[in-house]
Amino acid sequence: MNIKDNYPESGEWDLIITPGKKWFDLQLRQLWRYRDLLMLFVRRDIVAFYKQTIFGPLWYFIQPIATTIVFVFVFGNLAGLSTDGLPQPLFYLAGITAWNYFADCLKKTSTVFRDNQAIFGKVYFPRIISPFSIVISNLLRFGIQMLLLVALIIYYLIQGIDFGPGWTILLLPVFVLFMALQGLGLGMIITALTTKYRDLSYLVEFGVQLMMYATTVIYPLSSLGGKMYWVVALNPMTFVIEGIKVSTLGEGILTLQTMMYATSITFVIFTIGIIIYNRVEKNFVDTI
């Protein structure tokens, strides 16, 4: 359903509702028109995260710290995996912070239709608002956790550890955008498919976890070779994670070819996600 603003001289009509829309339609005009609702959804997502918890917003720090400690012990000490010469806590925390943002965007977006079916079935508003609110609210969480990473970077710099991002720090917003668009695109594809195939929703958690181990969160891409290198390199998030590490720590694989691959695969995933989401949202209430 399309909504168009129309302001004739008579002032009789100010809104026109028309059926159908283009396949690829971000509905940016409607997002701006309903920006107050978008911010309300963002606030709801943030409050719901730590509502009725003992530690409240501290969970934003507890989760990455605890995961980093486990990764250092298991993958750093027991398995002895390479960290590209970086301190183990720093290497793992950078990967965890980036991956958490992507994974949260993907998992929460993948249940948008199911979680909001009561609202969607009663009142009209641009359905694209729901997944976009998830990306924005998770961006706040990502920013808070990045402060933890920055604090750890400063600590190791004071300790005299030689590393640094240099000019590549300017690319950090680009890779954050890639994470958001990939999580959003994949999530919209899954939530559209789960309107008919609910089994997919049960596979998301397992699939995201498996995907993490096929991404360079716990090991550097430079430590791989042969077929294993190409298997991991084809993962759509691999060069995004590598880009995050290069941008923040100065270590990782970042070339013109990898940048082009990350850009193109992100665009493809996001485009497919928008097309499928727009097609399914017209009649998902009848099938969910």
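The values are calculated or read from the model by the stated rules, or taken from the named source; none is laboratory data. Note that this is a predicted model, so its numbers are computed, not measured. When we count neighbours, we look across all protein chains shown, and the Cβ atoms used for this are built from the backbone with ideal geometry, even at glycine.
At a glance:
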{"read-out": "Cβ-Cβ under 6 Å pairs, at least 6 apart or on other chains, segment 156-178 side farther than 21 Å from Val240 by Cβ, far side outside any helix (DSSP H, G or I)", "value": "Tyr156/Pro87"}
{"read-out": "Single condition Arg44 does not satisfy, out of (1) over 19 Å from Met179 (Cβ atoms); (2) in contact with a Gly (Cβ under 8 Å, 6 or more places away or on another chain); (3) not hydroxyl-bearing (Ser, Thr, Tyr)", "value": "(2)"}
{"read-out": "Residue count for segment 83-100, restricted to those that are over 16 Å from Thr238 (Cβ atoms) and surrounded by fewer than 20 Cβ atoms within 10 Å (Cβ to Cβ)", "value": "4"}
{"read-out": "Residue that is surrounded by the fewest Cβ atoms within 10 Å (Cβ to Cβ), among those in segment 220-265 that are of a type in the set (D, E, K, R) and in contact with a helix residue (DSSP H, G or I) (Cβ under 9 Å, 6 or more places away or on another chain)", "value": "Glu251"}
{"read-out": "Condition met for Ala103 (surrounded by fewer than 23 Cβ atoms within 10 Å (Cβ to Cβ), touching a residue at least 24 places away in the same chain (Cβ under 8 Å) and of a type in the set (Gly, Ala, Ser))", "value": "yes"}
{"read-out": "Single match in Thr266, Thr258 (criterion: under 13 Å from Val174 (Cα atoms), part of a helix (DSSP H, G or I) and either modelled with pLDDT of 90 or more or not hydroxyl-bearing (Ser, Thr, Tyr) (or both))", "value": "Thr266"}
{"read-out": "Condition broken by Lys196, with the remaining ones in (1) in a helix (DSSP H, G or I); (2) touching a residue at least 40 places away in the same chain (Cβ under 8 Å); (3) more than 23 Å from Phe175 (Cα to Cα) satisfied", "value": "(1)"}
